[in-house]
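Reviewing the structure listed below.
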There are 2 protein chains.
Amino acid sequence: VNTFSSVEVIGGGLIGTSIALKLAKNGSQVRVVDSNAAHAKVANSLIGSSLLAENAPIECVVVATPVEALAEVIVSALISNPKCIVIDIGSIKTKVILDVWTLTESMSNKVELRERYIPTHPMAGREVSGPDGARSDLFEGRAWAITPHSQSKEPTLNRVEALVREFGAVVYRMSPEEHDRQVAMTSHLPQLLASLLASVLKSPLDLAGQGLRDMTRLAHSNPAMWAPIVQGNRSELEPLLNEIIKSINDLKDKLFEKRLYL
Amino acid sequence: VNTFSSVEVIGGGLIGTSIALKLAKNGSQVRVVDSNAAHAKVANSLIGSSLLAENAPIECVVVATPVEALAEVIVSALISNPKCIVIDIGSIKTKVILDVWTLTESMSNKVELRERYIPTHPMAGREVSGPDGARSDLFEGRAWAITPHSQSKEPTLNRVEALVREFGAVVYRMSPEEHDRQVAMTSHLPQLLASLLASVLKSPLDLAGQGLRDMTRLAHSNPAMWAPIVQGNRSELEPLLNEIIKSINDLKDKLFEKRLYL
């Protein structure tokens, strides 16, 4: 039931390697490439006998690099692999699409290139990073956004949706703007609040319990990975941060009013 | 191995009923009283054959009411039950002790009354409230603070520590001020941030995942219970809220600086 018989995953981190493992399990030939040779080696050794040969043709490229590298790698993959569908799995969508547009603007075949690019985002992750934490079932039951752009065509979108369903994920098709609005609330703001909370804690904290553990778990994620994500979605995040500040100020006013209780 | 052979629990909510259930299991005679007759009935029916008879003498009273009622109920229990040790399990400590001091200030036997009162706080809870959610193992492995005041005596403290260990809890003895400093960070601030985060979410949120669930779980707790707790600890909370506001403003500055990434 594999949608693509041969897939190249660019980026052998947690997500990229998990994708490669699941595709291999589903019967695709797959390989992982990574500028970090050690990561690529670990990832490809996990793939085992389904490893895609060096010069074999590729039907699909999955770009799973950090977000700051996405646009360049997507465009390069589109150019290097004619007719290949290229998807990315980045945590922000409008900025990446805009950057892909900018990079392809002066190219004579820009319409054909852009048509082959489908932006996506699986809502999955762990507090570990790198290929060692990869799991083929990472996307089971998770939401996976597919965010068509102005050049997206239905047959290509349908193939990518079939690919996503191979992971046991639930497809949500929505605009890139709607995606960015939602992840600002469901992912980026929680991430920032967890980090802010963790940053004000002062030891000793003998009385810490499950509540605090839940509220600071996300703060253990890699800040180098998160910084460009939240910065890339700052126009959605700014009004939410302003709302939080306003709510804290309202709360402080209530706490210090003369009324005995809130 | 029961520290007290007969215990009255005042307040048949989640915590009070869980305490009663564990004491009954450990071989104490126990009863729950509550101004809500339905709660008392449910709680006492769960106790079964270990139910303490109406006029039997009491060795210990556990006050487990909402925090706004604690001081009055504690003082009333100290007066009604001579020689009895009275503990409370309230989420804030300095304000409750201060209120007990104020209420007993004009009493000729105030030293004897205050000596018999030991303030405590088990770090346990659930997002459900009322006796139906009670579990005898609620305190297993949890921290349980004991916060001596100026009139506390070692033999009484030791008996209460033995009681706490009956629940499988880990005793932390500390000053009321240290307790309030810690719970501001480990409990009250996480609680407030979870509620603030929940309040800025706008549907639809198809892309919500485990991170958001963890970060908003505490927001499902009862606001009527939490309001007097955070207000009672406002002097510890205010500087933390100011730190959070400052951190959010610093973050906003960074997001909108010309540098590409944080």
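Some notes on this structure:
- Residue list for segment A:49-59, filter: open to solvent by less than 30 Å² (accessible area, probe 1.4 Å) and touching a helix residue (DSSP H, G or I) at 6+ places or on another chain (Cβ under 7 Å): A:SER50
- Among the candidates A:ARG126, A:ARG142, residue that is without any contact (Cβ under 8 Å) to a residue 60 or more places away in the chain and either closer than 22 Å to A:GLY11 by Cα or open to solvent by 50 Å² or more (accessible area, probe 1.4 Å) (or both): A:ARG142
- With respect to the conditions (1) in contact with a helix residue (DSSP H, G or I) (Cβ under 9 Å, 6 or more places away or on another chain); (2) crowded, with 22+ Cβ neighbours inside 10 Å, B:LEU46 falls short on a single one, namely (2).
- Going through (1) open to solvent by 10 Å² or more (accessible area, probe 1.4 Å); (2) within 30 Å of A:GLN151 (Cα to Cα); (3) more than 9 Å from chain B (Cβ to nearest Cβ) one by one, A:SER187 falls short only on (3).
- Within segment B:117-147, the set of residues being in contact with a Gly (Cβ under 9 Å, 6 or more places away or on another chain), among the small types (Gly, Ala, Ser) and within 11 Å of B:ILE19 (Cβ to Cβ) comprises B:ALA124, B:ALA134.
- Test for A:PHE256: is it of a type in the set (Phe, Trp, Tyr), at negative phi and surrounded by 18 or more Cβ atoms within 10 Å (Cβ to Cβ): no
- Among residues of segment B:154-172 that are more than 22 Å from B:GLU115 (Cβ to Cβ), those with a Cβ under 7 angstrom from a residue that is surrounded by fewer than 17 Cβ atoms within 10 Å (Cβ to Cβ) and acidic (Asp, Glu), sequence gap 6+ or separate chain, pair up as B:GLY168/B:GLU140.
- Some residue of segment B:215-225 being polar (S, T, N, Q) and in contact with a Ser or Thr (Cβ under 6 Å, 6 or more places away or on another chain): yes
- Residues that are within 7 Å of chain A (Cβ to nearest Cβ) and part of a helix (DSSP H, G or I), drawn from segment B:192-202: B:LEU192, B:LEU193, B:ALA194, B:LEU196, B:LEU197, B:SER199, B:VAL200
- Given (1) surrounded by fewer than 18 Cβ atoms within 10 Å (Cβ to Cβ); (2) free of Cβ contacts under 8 Å to residues at least 24 places away in the same chain, number of the condition A:GLY211 does not satisfy: (1)
- Residue count for segment A:145-157, restricted to those that are more than 20 Å from A:GLU178 (Cα to Cα) and open to solvent by 80 Å² or more (accessible area, probe 1.4 Å): 1
- Residue, farthest from the other protein chains (Cβ to nearest Cβ), within segment A:166-183, restricted to residues that are buried (at least 22 other Cβ atoms within 10 Å of the Cβ) and farther than 27 Å from A:LEU21 by Cα: A:ASP180
- For the condition at pLDDT 95 or above and closer than 17 Å to A:GLY130 by Cα, A:ASP88 does not qualify.
- B:VAL75, sole failed condition from (1) farther than 25 Å from B:VAL230 by Cα; (2) open to solvent by less than 50 Å² (accessible area, probe 1.4 Å): (1)
- When the criteria are applied in full, A:LEU163 fails the requirement of being crowded, with 19+ Cβ neighbours inside 10 Å and within 14 Å of chain B (Cβ to nearest Cβ).
- Residue within segment A:237-248 that is within 21 Å of the chain's Cα centre (by Cα), of a type in the set (A, V, I, L, M) and within 21 Å of A:GLY11 (Cβ to Cβ) present: no
- All of (1) crowded, with 22+ Cβ neighbours inside 10 Å; (2) touching a Gly at 6+ places or on another chain (Cβ under 7 Å) hold for A:HIS39 with one exception: (1).
- Residue within segment B:218-241 that is open to solvent by 20 Å² or more (accessible area, probe 1.4 Å), closer than 17 Å to A:SER195 by Cβ and polar (S, T, N, Q) present: no
- The single condition from (1) more than 14 Å from chain B (Cβ to nearest Cβ); (2) among the aromatic types (Phe, Trp, Tyr); (3) touching a residue at least 40 places away in the same chain (Cβ under 8 Å) that A:TRP101 fails is (3).
- Pick from segment A:208-224, criterion of a type in the set (A, V, I, L, M) and more than 7 Å from chain B (Cβ to nearest Cβ), ranking: nearest to A:LEU14 (Cα to Cα): A:ALA224
- Failed condition for B:LEU205, given (1) aliphatic (A, V, I, L, M); (2) surrounded by fewer than 18 Cβ atoms within 10 Å (Cβ to Cβ); (3) at the interface with chain A (Cβ under 9 Å from one of its Cβ atoms); (4) in a helix (DSSP H, G or I): (4)
- In segment B:242-253, the qualifying residues are those that are more than 9 Å from every other protein chain (Cβ to nearest Cβ) and at pLDDT below 95, and the one that is least open to solvent (accessible area, probe 1.4 Å) is B:ASP250.
- A:ARG135 vs. criteria more than 23 Å from A:SER80 (Cα to Cα) and without any contact (Cβ under 8 Å) to a residue 60 or more places away in the chain: no
The values are calculated or read from the model by the stated rules, or taken from the named source; none is laboratory data. Here the structure is a predicted model, which is why all the values come from computation and not from measurement. Glycine also receives a Cβ, built like all others from the backbone with ideal geometry; neighbour counts cover every protein chain displayed. Note: accessible area is taken over every heavy atom of the protein model, side chains too, but ligands, DNA and RNA are not part of it. Shrake-Rupley method; radii C 1.70, N 1.55, O 1.52, S 1.80 Å.
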